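Input: a single structure, listed below in structure tokens.
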Amino acid sequence: MFMKFFMMSLVLLSFIIACSETNSEPNFAFKKAPKEGLAAKMGDIEITHTELLAGIETDIFEEEKKIFDIKYDKLKTIIIEKLMEADPKKKDLSTDEYLDKYIASDVKISDKEINAFIKEKNIPQEHINPQIKERITAYLEAEKKKQSIDNWLAKKTKSTPVEVYIEKPRRPSFEINIGDAPIKGDKDAKVTIVEYSDFQCPFCAKGTEIIDGLKKKYGNKIKIAFKNFPLPFHNQAKGAAVAGLCAQEQSNDKFWKLHDTMFADQTKLDTDSLKITAKNIGLDLKKFSDCLDTNKYSNKIDEDIESGKKIGVKSTPTFFVNGKLISGAQPIEVFSEIIDEELKL
């Protein structure tokens, strides 16, 4: 009798829990929107797509781009395979054999290239052995083969371009108030690149190389505006940001001199080192020191940080090319694609 009562109690308890769990779920009914631009509705409460996307534009773009890149890479693979199969010389060859014989036949890796790779990646000499060199060689061969395939595909599609019908995701675009930010380049340039950066960030140092490359390529067609976005875990970044604005106080050119020097050696961002650097680049040391010691531009830097957060800046460097966001130290080609489009407008 007790066991029967116990089992009935368990069943009843399970039923109560199940009902409780079911009722705790929010009631969302997925339907076609009753009017354009509406994302959700509950009684008189309406949520638009504009509200929904505010603040997450960059996240959505990055996820959509991942999907696009997967499709695009697969598309290229299919095209390459079909072009190979259409070549009578492919008849008795495997894909790898055809690749090695007709596309990447000249791919060879020299000791000079291996040593250059070791130097570039700062691999300690004591770690270098035949197995490591073999892995480096395999990696460099794979990279060269990829380039050979791209060159081969470029020749094949030169006269007959591939018409692509998968839509590219649209990069989010934002209105940015440059204000009194330091500027480099012609003030009337058609393209403005706004950079949110951190003087202690190693990736931001690479960002300066990108900007230099773009200035060489486009000259006065572009101008650069610098915004501070010191990250909280870089303990010298905000002080360096203040130093930059203290230099700008004396002249725009002095800001860029200090900017370049700080990025060239990020181990010298402490207060004493910054003052030595300021003296070396010809700043009025007393004015600079007074500005730096009083943390004069701390609030201005906080404003830059807040303005950046509102338009999707989450890490450094982050760039905006005529308002279009590029996150990270991307290859110059990524910037050029947007710049070239903007210059055509």
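To the nearest 20 debye, what is the magnitude of the charge dipole of the chain about its Cα centre, counting +1 on the Cβ of each Lys and Arg and -1 on the Cβ of each Asp and Glu? Intermediate results must be reported in sequence, preceding the final value.
Values: 55 positive and 57 negative charges, 129 e Å.
With only Lys, Arg, Asp and Glu charged at Cβ, the dipole is about 620 debye.
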* Structure fact -> As straight-line cross-link partners of residue 82, the qualifying aspartates and glutamates (C-alpha separation under 18 Å, not fewer than 8 residues apart within one chain) are 73, 92, 96, 97, 100, 150, 163
* Under 19 Å from the Cα of residue 66, which aspartates and glutamates turn up, not counting those fewer than eight places away in the same chain? -> 57, 167, 333, 337
* Rg/Rh ratio calculated on Cα atoms of the chain (Kirkwood radius) -> 1.11
* What accessible area, in Å² to the nearest ten, does a 1.4 Å probe give for residue 149? -> 40 Å²
* To do: Could you pull out the pairs from 121/190; 90/112; 71/144; 145/217; 76/344; 227/286 whose alpha carbons sit more than 32 Å apart here?
  => 121/190; 90/112
* Asked: If we sort 81-91, 197-207, 58-68 on the protection proxy, mean other Cβ atoms within 10 Å, highest first, what's the order?
  -> 197-207, 58-68, 81-91
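Note down the relative contact order for the chain as a percent, whole number, built from C-alpha pairs under 8 angstrom at least six residues apart. Could you put the intermediate results ahead of the total?
On the way: 333 pairs, mean separation 59.3, N = 345.
Relative contact order, the chain: 17 percent.
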* Would you work out the relative contact order for region 103-259, in percent, from Cα pairs under 8 angstrom that are 6 or more residues apart? => 20 percent
* How far is the Cα center of region 289-327 from the Cα center of region 34-87, in Å? -> 29 Å
* Structure fact -> A 1.4 Å probe over the protein heavy atoms gives the chain a carbon and sulfur accessible-area percentage of 55 percent
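Before anything else, pin down the relative contact order of region 244-345: Cα pairs under 8 Å, at least 6 apart, normalised by residue count, whole percent. Walk me through the numbers before you get to the answer.
Values: 63 pairs, mean separation 17.0, N = 102.
After rounding, I find 17 percent.
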* Paired Rg and Dmax values of region 183-271, which use every Cα atom, in angstrom -> 12.9, 38
* **Modelled label reach - residue 39, point 7 Å along Cα→Cβ, region 283-315 residues with backbone N closer than 15 Å** => 312
* Calculate the spin-label point distance for residue 167 paired with residue 307, positioning each point 7 Å from the Cα along the beta-carbon direction, and give it in nanometres. => 3.3 nm
* How much of the DSSP beta bridge set in the chain is antiparallel, as a percent to the nearest 5? -> 70 percent
* Convex hull projection area averaged over all views, region 27-176, Cα basis, nm² -> 18.0 nm²
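So what is the orientation-averaged projected area of region 90-218, using the convex hull of its C-alpha atoms, in nm²? All intermediate terms of the calculation are to be shown ahead of the outcome.
On the way: hull surface 58.6 nm².
Result: a mean projected hull area of 14.7 nm².
Per Stokes-Einstein, at 37 °C and 0.692 mPa s, what whole-number D in µm² s⁻¹ belongs to region 238-345, with the Kirkwood radius over Cα pairs as the hydrodynamic radius?
Details: Rh = 15.5 Å.
Estimated diffusion coefficient is 211 µm²/s.
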* **region 142-240 - convex hull of the alpha-carbon atoms, volume per residue in Å³** => 206 Å³
* Heavy-atom accessible area of residue 343 with all protein chains present, probe 1.4 Å, nearest 10 Å²? -> 50 Å²
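Using only the heavy atoms of the protein chains and a 1.4 Å probe, how would 42, 262 rank by accessible area, largest first?
Values: 42 145, 262 5 Å².
Final ranking, largest accessible area leading: 42, 262.
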* Asked: Highest GNM mean-square fluctuation, the chain, Cα pairs closer than 10 Å: which of 242, 191, 334?
  -> 334
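Hey, can you find the accessible area per residue of region 25-127 for me, probe 1.4 Å, expressed in square angstrom? Walk me through the numbers on the way to the answer.
Details: 8520 Å² over 103 residues.
Result: 83 Å² per residue.
Applying 1/(1 + (r/R0)^6) with R0 = 30 Å to the Cβ-Cβ distance of residue 65 and residue 209, what FRET efficiency is obtained, to the nearest 0.05?
Working: r = 23 Å, r/R0 = 0.78.
Efficiency at R0 = 30 Å is approximately 0.80.
For residue 264 and residue 54, FRET efficiency with R0 = 51 Å and r from the beta-carbon atoms, rounded to 0.05?
0.85
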* Per the helix-only calculation at 222 nm, which mean residue ellipticity applies to the chain, given -39500 (n - 2.57) for every DSSP H run of n ≥ 4 and division by its residues, nearest 500 deg cm²/dmol? -> -17500 deg cm²/dmol
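The values are calculated or read from the model by the stated rules, or taken from the named source; none is laboratory data. In this text the structure is predicted, and so the values were computed from the model without any measurement. Quick reminder, even Gly has a Cβ in these numbers, built from the backbone with ideal geometry, and neighbours come from all protein chains shown. We work out accessible area using only protein heavy atoms, side chains counted, and drop any ligands, DNA or RNA first. Shrake-Rupley method; radii C 1.70, N 1.55, O 1.52, S 1.80 Å.
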